[in-house]
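Bear in mind these aren't lab numbers, they're just calculated from the coordinates by the rules spelled out. Remember, predicted model here, so these are calculated numbers, not experimental data. Note: ideal-geometry Cβ built from the backbone for every residue, glycine included; neighbour counts use all protein chains shown.
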Amino acid sequence: MRASITATPAGAPQAPRHAGYRAPRWLPGAHLQTIWSATIAPRARVAYTRERWTTADGDFIDVDHAVSAQSPADAPLLVLFHGLEGSSSSHYATALMAMAAAQGWRGAVPHFRGCSGEPNLAPRAYHSGDSAEIDWILRRFAARRPPGAPLFAAGVSLGANALLKWLGEQGEDAGFVRAAIAISPPQDLAAGAMALSRGFNRVYMDNFLRTLKRKSLAMLERHPGLIDRDRMLASRDFFGFDDAVTAPLHGFASCHDYWARSSCRQFLGGVRVPTLVINALNDPFLPASALAASSEVSPLVTLEYPAEGGHVGFLDGGFPGRFDWLPMRAHRFLCAHLHTATGAPANG
C-alpha cells in the first residue's frame, strides 16, 4: 500500500512515500546503509550465460542472461541497466535477477561499454545520458522476444538516469516496454557531483575514480591522444573527470553541458510508460532537494521517496541483512502492469 502525500525534510519535494521500507535498527544512517548493502550483506546467487553483441560502431557489449529452467520462451523479460562501474554481479543485479528467475521470468543485464571485465574497442566509454545506447539495446531485445512476451526495463543509479531520459525522450514510442523501474537515479547530475565532492562522500568518489582512471589509461593505450592524460590523472572529482574525459569523449562542451543535457529530472514529464522511481531521501549521492516533485512528472510516473535506504541500500531483516525489499517491491509493481497492452517497437 502506498502512503498519501506526507511531510518531508526541509527542501525535499512533496511526493508519495512508500510505507513498506524501513531500515533495520542495526543499520542506521545513510553511509552504513549504502556501504554494507553493496559490500558486506549476503548476495543472491545467479547463474548467468553471456552473449556478446556487436555494435554499429564496431564495438561490443556483453549481455548476461539469467533464465530459469522453468521459464517458457514467452515469459516476461526484465532488462536491467546497471550503475556506474557496476555489472551483473552487483548486489542489486543479483537480487533482481534472482527474483526474475524465481518467478519463472527471463532476466538480462547488458553491460555498458567496458564494464563486463574486458576493455571495449571504440574510442568512447559510457555515461549517464546515453539514451541512444538504451534505445538500441531495448529495441534489440524487443525484436528478439516472442510475440506477446512482456518486456520490462529497470535501471539503477547511472543506468536509472539513462533509462528515465530515454523514456522521457521517446514518449509513446517507448510503449513496447510494458513498465519500468528506476532505482536511486541521480535526477540532477550537477547536484550529485557536488554532493560526492564533499566530506565522507569522497570515499565513494575516490573509489569511482580509481577504476575510471584505470580504464581511461587503458583506452589511451589503444587510442593515443584521445583525451588529456594529465588532466584526467589530476582530476579529484566528477568536475575534473567529466570535464577531462566524459564530456570530450561523448560530444559535450564541458562537464556542466553534459550534466545539464543528461539529468533525467527534466525528462520525467514526457514519460508515457508506467514507471516507478525510488529515491531514498538520505541518499548520500544526491540531496533530497534535487528530487523531482509530483507536479513535475507524468501521471504515469510513481515517485516513492522513503526516508531511509541510502544509495541502493534498501536492506532489511536481521543481521547481516537481506536484500529482499527492493526485488519484492519491483515484483509487485511489474506484476501490476503484467497484462496491460503494449505497442510494437520500431525497427532498430
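Quick notes on this structure:
- Calculated FRET efficiency, ALA56 to LEU217, Cβ-Cβ distance, R0 = 22 Å: about 0.25 to the nearest 0.05.
- Helical content alone sets the calculated 222 nm signal of the chain at -9500 deg cm²/dmol, taking -39,500 (n - 2.57) per DSSP H segment of four or more residues and averaging over every residue.
- Alpha carbon centroid spacing (whole Å) that separates the range 201-220 from the range 131-194: 25 Å
- Each peptide in 207-217, 185-195, 34-44 gets a packing score, the mean of other Cβ atoms within 10 Å over its residues, and the list from highest to lowest is 185-195, 34-44, 207-217.
- Taking θ as phi - 60° and the Karplus parameters 6.51, -1.76 and 1.60, the scalar couplings of the range 239-244 work out to 4, x, 5, 5, 6, 8 Hz in sequence order, x denoting glycine and proline.
- Förster radius 25 Å - calculated FRET efficiency between ASP324 and ARG25 (Cβ-Cβ, nearest 0.05): 0.90
- Virtual spin-label span in nm between ALA293 and ALA234, 7 Å along Cα→Cβ: 4.2 nm
- The slack between GLU169 and ALA132, meaning 0.36 nm per residue of separation minus the straight C-alpha distance, is 12.3 nm.
- Nearest-0.05 FRET efficiency for ALA122 and ARG144, computed from C-beta distance (R0 30 Å): 0.80
- Estimated distance in nm for a label pair at ASP74 and ALA253, the labels positioned 7 Å out from Cα along Cα-to-Cβ: 5.2 nm
- Each part gets one Cα centre, and for the range 74-107 versus the range 314-338 those centres are 13 Å apart.
- Spacing of the two label points (7 Å from each Cα toward its C-beta) at THR39 and ARG202, in nm: 1.7 nm
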